[in-house]
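So that we are looking at the same thing, I have put the structure below in structure tokens.
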Amino acid sequence: MGQHNIATVAHLIAEPVRAVMLIALADGNALSASALAETAGVTPQTASSHLGKLLDGGLLNVEQRGRYRYYRLAGPHVSHLLESLASIGPVTPAWRSTPNRSAREMRFARCCYDHLAGKVGVAITRRLLEQELMVENDLQEYSLTPAGADWLQELGAEAAALSSGEVGKGRQCLDWTERQYHLAGPLAAHLLNAFCLWGWLQRLPSSRALAVTPKGWVALKTHFALTPDSLEDERTNDPAVCPPV
């Protein structure tokens, strides 16, 4: 990417209204212009202007559904960019000591575009590596091992999907709250969909946050030796945490 492109993208994201809109779309879902205007606290006309700039800048895609236009991020690379920017922003130690409920939920487990992030996402990534269900190469990429494929099939994942070269691949994504890497990419998307389908995780309404269900806690303890107490004991690489995006 050239210097001009970096400056252009940085300018687009730096505007507060546009930043709020991008963050609202970070779970991969599509929202209408009116919903984004309400989220950002601006008029429909102002929202339309900002959305046009984000479209021209290649950060958003739009689709027509009847009379309405719905916007979504141009791809997981945009969500990855937002996550990375949040992780290198100025830290706010007070957020750790006095977080509100929404912030706690977001830090605990959330959607990062199409994959799992937060304390749960980082911890599961670590356990997958420790249990050799996936391996990491020198390019910071992850691959599902034969043992990992067998494990997922035993849980009910489709063998045909796992045999695809892309589905079994993943990459690192820097978690902005934990300041450690969680799993992203096709494998991560497959796992998040499976965890929700199996009833381990539940999406919270109007939020990127995810809740672990009672069934999910049993599964996390059985397969990853993760409990509420052990997750509380998980330590980050930095004593301070970025404010939630």
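The values are calculated or read from the model by the stated rules, or taken from the named source; none is laboratory data. Just so it is clear, the model here is predicted, and its values are computed rather than measured. Cβ sites come from the backbone with ideal geometry, for glycine too, and all protein chains shown count toward neighbours.
Mind checking which strands (runs of 3 or more DSSP E) fall wholly inside segment 170-230 and carry at least 3 residues that are at pLDDT 90 or above and among the hydrophobic types (A, V, I, L, M, F, W, C)?
Result: 210-212.
Mind checking which residues of segment 115-142 are surrounded by fewer than 16 Cβ atoms within 10 Å (Cβ to Cβ) and among the acidic types (Asp, Glu)?
Result: 130, 132, 138, 141.
Within segment 138-152, how many residues turn out to be out of contact with any strand residue (DSSP E or B) (no Cβ under 7 Å at 6 or more places or on another chain) and in a loop (DSSP other than H, G, I, E, B)?
Adding up the residues that qualify gives 2.
Answer yes or no: is there a residue in segment 155-169 that is closer than 29 Å to residue 105 by Cβ, at pLDDT 90 or above and either assigned by TED's automatic domain parsing to the domain that holds residue 114 or exposed (fewer than 13 other Cβ atoms within 10 Å of the Cβ) (or both).
Checked against the condition, which is being closer than 29 Å to residue 105 by Cβ, at pLDDT 90 or above and either assigned by TED's automatic domain parsing to the domain that holds residue 114 or exposed (fewer than 13 other Cβ atoms within 10 Å of the Cβ) (or both), segment 155-169 yields no hits at all.
Going through segment 200-218 one residue at a time, which ones are free of Cβ contacts under 8 Å to residues at least 24 places away in the same chain and either touching a Phe, Trp or Tyr at 6+ places or on another chain (Cβ under 8 Å) or within 16 Å of residue 154 (Cα to Cα) (or both)?
200, 213, 215, 216
I would also like to ask the following. Just one of (1) closer than 18 Å to residue 82 by Cα; (2) surrounded by fewer than 18 Cβ atoms within 10 Å (Cβ to Cβ) trips up residue 60, so point out which.
Here residue 60 clears every test but (2).
Could you grab me the full set of residues in segment 44-66 that are within 18 Å of the chain's Cα centre (by Cα) and in contact (Cβ under 8 Å) with a residue 40 or more places away in the chain?
The answer is 59, and nothing else.
Say we look at segment 99-124 and pick out the residues that are out of contact with any Asp or Glu (no Cβ under 9 Å at 6 or more places or on another chain) and farther than 20 Å from residue 26 by Cα; which of these is modelled with the lowest pLDDT?
99
I'm told residue 41 meets every condition in (1) more than 18 Å from the chain's Cα centre (by Cα); (2) in contact (Cβ under 8 Å) with a residue 60 or more places away in the chain except one. Can you identify the failing condition by its number?
Evaluating residue 41 over (1) more than 18 Å from the chain's Cα centre (by Cα); (2) in contact (Cβ under 8 Å) with a residue 60 or more places away in the chain leaves (2) as the failure.
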